[in-house]
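First the structure, in the form of structure tokens, and then the observations on it.
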Amino acid sequence: MNVALSATQRHGVVFLLAASIASSIGGLPFNTLPLLIGGFADSLQLGAAALGVLGSACTGGYLVSTLFGPLWVERANWQIATIVASIFCAAALALSGHSNGTPYMSMAVFGFAAGLMHSLGMRMVGEMANKERVFGVRLLTELVLVSLLLMLFPIVVARHGLPGGLTLLAGAVLMMALSAGALPRGPVLRQDAHVAASRVDRARMASGLYALGIFVLFACGQVALWLFIERIGRERGTTAEQLGLLFSVLKIVGGASAAFVALLGSRMGQRLPHWLVLGGIVVGVALLAQRDSFAVFAGGAWLWEAAFTIGCVYQTAAIARLDASRRLIVLIPAAFAVSAFVGPALGGYLVERIGFAALFAVAVMCAIVPAIAYTRFARTGSQVAE
């Protein structure tokens, strides 16, 4: 049976939304980790260093699975893979809420299963043209779904405890897994069909690997800050209700930012987006560092989220455009996983030894890297965007 998608289907709304919803499962560890870490901190009385290790256990499982992405996504049945990974993801979340001790193993399994879905989701979206637009739509879909979950999670935890909140997330994963019915069983264009092109353009592949490295550094500093936003708010006296509002609106802001990129596409060129991202992160971090009011703190978090989201979309689109072999697309989740693995442990160490000010400095320094690097790309004539 020929299961290849037609050109119309590949570029259709149904396929893009289904692939985006499936990919959203893969984004749960990153998007929910601050609230999960806060919940475990309150219920298990863990210190900053222990929380950092717990976060790294989750993102470490994510890292392991995404490193294997290029080995299986071209061969697996995409529908079955979505269902199996979702079941493991939901089961790990539910078990984490009923653990007698610190749930290192179940959180690692949660990260591992989510990483499988992120690798698959990125590969599916990579089938389509107009990279900035499709990656913007993918992230928009993810953030809209997550904003709903982040709005409900604190309410459920307040009434039913952390196990109730984790059960909510597990149920949401199983609901999102229903998108498997609208997915193809496998890729339209096999990776082998692009090998010859990638061999011809080795310089372009090298630029793509360089861009992956830039993305790792950028995301590392932002993840370190993201993990402790909930703790920073608590330290400033922010209430649980205010944090629920902050995180739900924060993901709406992220979704609006992704929609903005999807509409704008590549019109801003190769350099300007990264300098705008740097400016947004600098101002956002400066507001987060203030102790004046919840409004100032929330405004800083929302501005930082918008800049971070836009930076991620433009950098992943650049990597995808450089990826003639389609191998680097599958490695984007692994690159992010490296950042998500290093970031929490780094953040925990910095907070415990120095304080939150160190997180703010690291986030800004890591945002400087892509601004300078993509300026260099443009000056040397590298083919980041076509």
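The values are calculated or read from the model by the stated rules, or taken from the named source; none is laboratory data. Note that the structure is a prediction, hence the values are computed from the model and not measured. Note that we place each Cβ from the backbone using ideal geometry, even for glycine, and neighbour counts take in every protein chain shown.
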- Query: Can we say Met151 is within 25 Å of Phe247 (Cα to Cα), surrounded by fewer than 19 Cβ atoms within 10 Å (Cβ to Cβ), in contact (Cβ under 8 Å) with a residue 60 or more places away in the chain and not β-branched (Val, Ile, Thr)?
  - Reply: yes
- Message: Residue pairs, Cβ under 8 Å, 6 or more apart or interchain, first in segment 283-312 and hydrophobic (A, V, I, L, M, F, W, C), second buried (at least 23 other Cβ atoms within 10 Å of the Cβ) and part of a loop (DSSP other than H, G, I, E, B). List them.
- Response: none
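Among the residues of segment 245-255, is any at pLDDT 75 or above, among the hydroxyl-bearing types (Ser, Thr, Tyr) and within 22 Å of Ser24 (Cα to Cα)?
So the first thing to find is which residues in segment 245-255 are at pLDDT 75 or above, and the list is 245-247, 249-250, 252-255.
Checking which are among the hydroxyl-bearing types (Ser, Thr, Tyr) leaves us with none.
So far as segment 245-255 goes, no, none of its residues is at pLDDT 75 or above, among the hydroxyl-bearing types (Ser, Thr, Tyr) and within 22 Å of Ser24 (Cα to Cα).
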- Task: Return the only residue of Val253, Val261, Val296, Val282 being in contact with a Gly (Cβ under 9 Å, 6 or more places away or on another chain) and of a type in the set (Val, Ile, Thr).
- Result: Val261
- Tell me, please, whether a residue that is more than 16 Å from Gly299 (Cα to Cα), at pLDDT 80 or above, crowded, with 19+ Cβ neighbours inside 10 Å and not basic (Lys, Arg) can be found in segment 229-236. no
- Task: Only residues in segment 238-257 that are within 10 Å of Leu140 (Cβ to Cβ) count as the first member; pair them with residues that are surrounded by fewer than 21 Cβ atoms within 10 Å (Cβ to Cβ) and not hydrophobic (A, V, I, L, M, F, W, C), Cβ under 7 angstrom, at least 6 apart or cross-chain, and list the lot.
- Result: Gly255/Ser147
- Before we move on, is Gln79 in contact with a helix residue (DSSP H, G or I) (Cβ under 9 Å, 6 or more places away or on another chain), assigned to a helix (DSSP H, G or I) and at pLDDT below 85? no
- Task: Starting from segment 42-69, take each residue that is more than 18 Å from Thr32 (Cβ to Cβ) and list its partners that are in a helix (DSSP H, G or I) and β-branched (Val, Ile, Thr), counting only C-beta distances under 8 angstrom and pairs at least six apart or across chains.
- Result: Ala48/Val351; Gly69/Val330
- Is it the case that segment 257-274 has a residue that's over 19 Å from Val364 (Cα atoms), part of a helix (DSSP H, G or I) and either acidic (Asp, Glu) or over 18 Å from the mean Cα position of the chain (by Cα) (or both)? yes
- Query: In segment 68-96, which residues are surrounded by 22 or more Cβ atoms within 10 Å (Cβ to Cβ) and within 17 Å of Leu162 (Cβ to Cβ)?
  - Reply: Ala90, Ala92, Leu93, Ser96
- Note on the structure: If we keep only residues of segment 3-32 that are touching a Gly at 6+ places or on another chain (Cβ under 7 Å), buried (at least 23 other Cβ atoms within 10 Å of the Cβ) and of a type in the set (A, V, I, L, M, F, W, C), then the residue modelled with the highest pLDDT is Ala22
- Query: Can we say Val338 is within 16 Å of the chain's Cα centre (by Cα), of a type in the set (Val, Ile, Thr) and at pLDDT below 80?
  - Reply: no
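Restricting attention to segment 167-223, and to residues there that are of a type in the set (Gly, Ala, Ser), at pLDDT below 70 and more than 23 Å from Trp78 (Cβ to Cβ), which single residue is surrounded by the most Cβ atoms within 10 Å (Cβ to Cβ)?
Of all residues in segment 167-223, those of a type in the set (Gly, Ala, Ser) come to 170-172, 177, 179-182, 186, 193, 196-198, 203, 206-208, 211, 213, 219, 221.
Applying the additional criterion that residues be at pLDDT below 70 yields 193, 196-198, 203.
Checking the rest, the ones that are also more than 23 Å from Trp78 (Cβ to Cβ) come to 196-197, 203.
Numbers: Ala196: 10, Ala197: 13, Ala203: 11.
Looking at the filtered set, the residue picked out is Ala197.
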- Message: Being touching a residue at least 12 places away in the same chain (Cβ under 8 Å) and more than 20 Å from Ala211 (Cβ to Cβ) is the requirement here; does Ala335 meet it?
- Response: no
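Answer yes or no: is there a residue in segment 260-268 that is closer than 23 Å to Leu150 by Cβ and surrounded by fewer than 19 Cβ atoms within 10 Å (Cβ to Cβ). Show your work before the answer.
Kept after step one, since they are closer than 23 Å to Leu150 by Cβ, are these residues of segment 260-268: 260-262.
Subset that is surrounded by fewer than 19 Cβ atoms within 10 Å (Cβ to Cβ): 260.
Checked segment 260-268: at least one residue is closer than 23 Å to Leu150 by Cβ and surrounded by fewer than 19 Cβ atoms within 10 Å (Cβ to Cβ).
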